[in-house]
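Since the structure comes first, as structure tokens, the remarks are kept for the end.
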Amino acid sequence: MYETHYHRASSVDDAAALFAKGTDAKFLAGGQTLLPVMKQRLAAPSDVIDLGKIKDLIGVEASGDTLTIKAATTHYDVAQSDAVRKAIPALAHLASMIGDPAVRHRGTIGGSLANNDPAADYPAAVLALGATVKTTKRSIAADDFFKGLFATALEDGEIITAVSFPVPAKAGYAKFPNPASRFALTGVFVAKTKAGDVRATATGASQSGVMRVPAIEQALKANWSAGALGGVTISANGLLADIHGSAEYRANLVKVMGQRAVTAAG
Amino acid sequence: MSTVKLTVNGRAVAVDVEDRTLLVQLLRENLNLTGTHVGCDTSQCGACVVHVDGRAVKSCTMLAGQAEGCNVTTIEGLAKGDELHPMQAAFRDNHGLQCGYCTPGMIMSAVDIVHRHGGNLDEETVRHELEGNICRCTGYHNIVKAVLDAASRMKVAQAAE
């Protein structure tokens with residue numbers, strides 16, 4: 001790791017001020033991606049601003065039809081939260097499958113979203129559930145947040161403070177994990193809103209990161225069942241191909257994980 | 001350079017380190033606690049697992065500065081004097097190690113698993129929860145046996161207290 005300056009922010013305002021002072025500063029949440037990248041010398045921030053101990057950024061709140069998870073809440077705490085399990089059990093299940101236990105004890109929802117790894121789990125849930133990403137500057141609809149590989153709508157110095165999820169009528173997530181990294185080789189999140197709208201997303205599959213899957217959405221709108229996806233064909237165009245699987249293999253995984261996600265949703 | 005103050009195995013310490021220092025480097029190089037190992041250095045193998053405020057974490061994926069004010073337990077902090085922790089004893093009794101390189105991380109992860117699941121441990125849970133710890137010798141079979149054995153010993157010990 002190259003030399004850097006570490007700062008522990010006491011508040012979100014303090015973090016923003018520390019960020020502005022650095023020449024090439026980065027925010028650090030759980031560090032489960034940023035630190036490995038820095039160790040590989042693929043990132044060399046002048047300053048690292050630690051958000052992990054800001055109390056206002058930790059916790060879960062349920063109110064009416066909205067579940068709000070603050071940005072520095074760890075995957076473990078989301079998976080264990082009674083409020084999350086009650087409101088959106090699929091989200092607790094998703095959090096319980098990220099990485100391994102030690103990673104879940106440190107990694108955070110805000111960090112995962114700000115990084116927007118094309119194989120990360122949370123983006124699939126945020127996009128499928130039509131969540132809102134709250135930041136220090138504004139509220140960003142999930143549809144406007146994800147901008148391709150490792151790219152988001154966040155501006156320099158903008159900090160995610162929380163994510164608000166509308167509680168769906170039904171939701172399910174199924175992932176085929178890479179056996180070594182536990183990242184999604186392909187993961188599919190399906191959700192039916194209380195108004196009856198259906199959204200389905202896939203992570204790990206597309207060359208441009210998390211994506212909606214219109215073919216699955218249309219089939220489920222007509223008939224919410226795993227069987228309804230039997231005749232669906234997913235195009236391999238634009239899907240990732242690497243040593244772990246071809247684009248055609250991933251296209252088939254999108255369909256199979258979609259079926260499993262619907263079964264899990266009930 | 002910054003001074004990081006934390007508690008390691010019950011002892012308060014203050015250590016001057018470069019800001020880029022990882023927790024595992026502070027433990028091994030500044031405190032000479034070399035029981036915690038570095039295997040892959042890419043957050044995958046789990047040889048560096050320690051407990052920070054009671055939770056298993058990969059100490060190669062945490063800056064020393066992030067541990068400021070925290071309570072850290074390493075493999076050296078488990079035994080009570082000459083009496084091995086039940087997890088350590090179970091690894092010995094069940095032949096849960098061969099070369100021993102992964103063992104400190106395995107044991108710290110395993111203790112964390114038992115703390116979180118209590119008496120509800122079964123083989124499938126143990127295998128699933130050890131995903132973040134890699135062993136190239138044992139084939140995991142005796143490690144899983146050791147964790148299940150220790151879980152029942154720890155339950156008995158807790159009931160006796």
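Rule-based calculations on the coordinates, nothing more; no lab input. Here the structure is a predicted model, which is why all the values come from computation and not from measurement. FYI the Cβ positions are ideal-geometry reconstructions off the backbone, even for glycines, and counts take in every protein chain you see.
Per-residue 3J(HN,Hα) values for the range B:121-131, derived from phi via the Karplus relation 6.51 cos²θ - 1.76 cosθ + 1.60 with θ = phi - 60°, read 8, 10, 4, 4, 4, 4, 4, 5, 6, 8, 3 Hz in sequence order (x marks Gly and Pro).
Please find, in a Gaussian network model of chain B (springs between Cα atoms separated by less than 10 Å), the residue of B:Asn30, B:Asn120, B:Asn133 whose mean-square fluctuation is greatest. Highest fluctuation among the options: B:Asn120. Only Cα pairs under 8 Å and 6+ residues apart enter the sum, and on that basis the relative contact order of chain B stands at 23 percent.
The ratio of the alpha-carbon radius of gyration of the protein assembly as shown to the globular-protein estimate 2.2 N^0.38 Å is 1.00. Relative contact order, whole percent, for the range B:69-161 stands at 40, derived from Cα pairs under 8 Å and 6 or more residues apart.
Close amide H partners of A:Ala162, meaning residues 5 or more places away or on another chain with modelled amide H under 5 Å apart, are A:Ala71, A:Lys134. Residue exposure proxy: B:Cys135, B:Cys40, ordered by other Cβ atoms within 10 angstrom of their Cβ from fewest to most, comes out as B:Cys40, B:Cys135. Among B:Asp149, B:Asp93, B:Asp82, the largest mean-square fluctuation in a Gaussian network model of chain B, built with springs joining Cα atoms closer than 10 Å, belongs to B:Asp82. Provide, for q = 0.11 Å⁻¹, the log10 of I(q)/I(0) from a solvent-free Debye sum over equal Cα point scatterers in the range A:170-265. Log10 of I(q)/I(0), two decimals: -0.27.
Think of it as helices only: each DSSP H run of n ≥ 4 in chain A is worth -39500 (n - 2.57), and spread over all residues that comes to -9000 deg cm²/dmol at 222 nm. Mean-square fluctuations from a GNM of chain A, with a 10 angstrom spring cutoff on Cα atoms, peak among A:Ser63, A:Ser139, A:Ser11 at A:Ser63. The phi-based Karplus calculation (6.51 cos²θ - 1.76 cosθ + 1.60; θ = phi - 60°) puts the 3J(HN,Hα) values of the range A:181-188 at 8, 6, 5, 6, 5, 7, x, 10 Hz, whole numbers, x for Gly and Pro. Each label was represented as a point 7 Å from its Cα along the Cα-to-Cβ direction; for B:Thr7 and B:Lys155 these points are 3.0 nm apart. Once you treat every alpha carbon in the range A:55-151 as an equal point and sum by Debye, what is log10 I(q)/I(0) at q = 0.22, 0.24 Å⁻¹? Results for the range A:55-151 at q = 0.22, 0.24 Å⁻¹ read -1.25, -1.50. Using only alpha-carbon positions in chain B, the gyration tensor eigenvalues give semi-axes of 27, 17, 13 Å once each is multiplied by 5 and square-rooted (largest first). Working from Cα pairs under 8 Å separated by at least six residues, relative contact order for the range A:157-225 is 22 percent. Legend: mean number of C-beta atoms from other chains within 10 angstrom of residue C-beta atoms, peptide A:74-87, equals 0. For the residue pairs A:Lys53/B:Lys5; A:Lys53/B:Lys155; A:Lys26/A:Lys53; A:Lys26/A:Lys137; A:Lys137/A:Lys170; A:Lys86/A:Lys192, the alpha carbons lie more than 24 Å apart in A:Lys53/B:Lys155; A:Lys137/A:Lys170. In this calculation the C-beta distance from B:Asp41 to A:Asn223 is compared with R0 = 56 Å, giving a FRET efficiency of 0.65.
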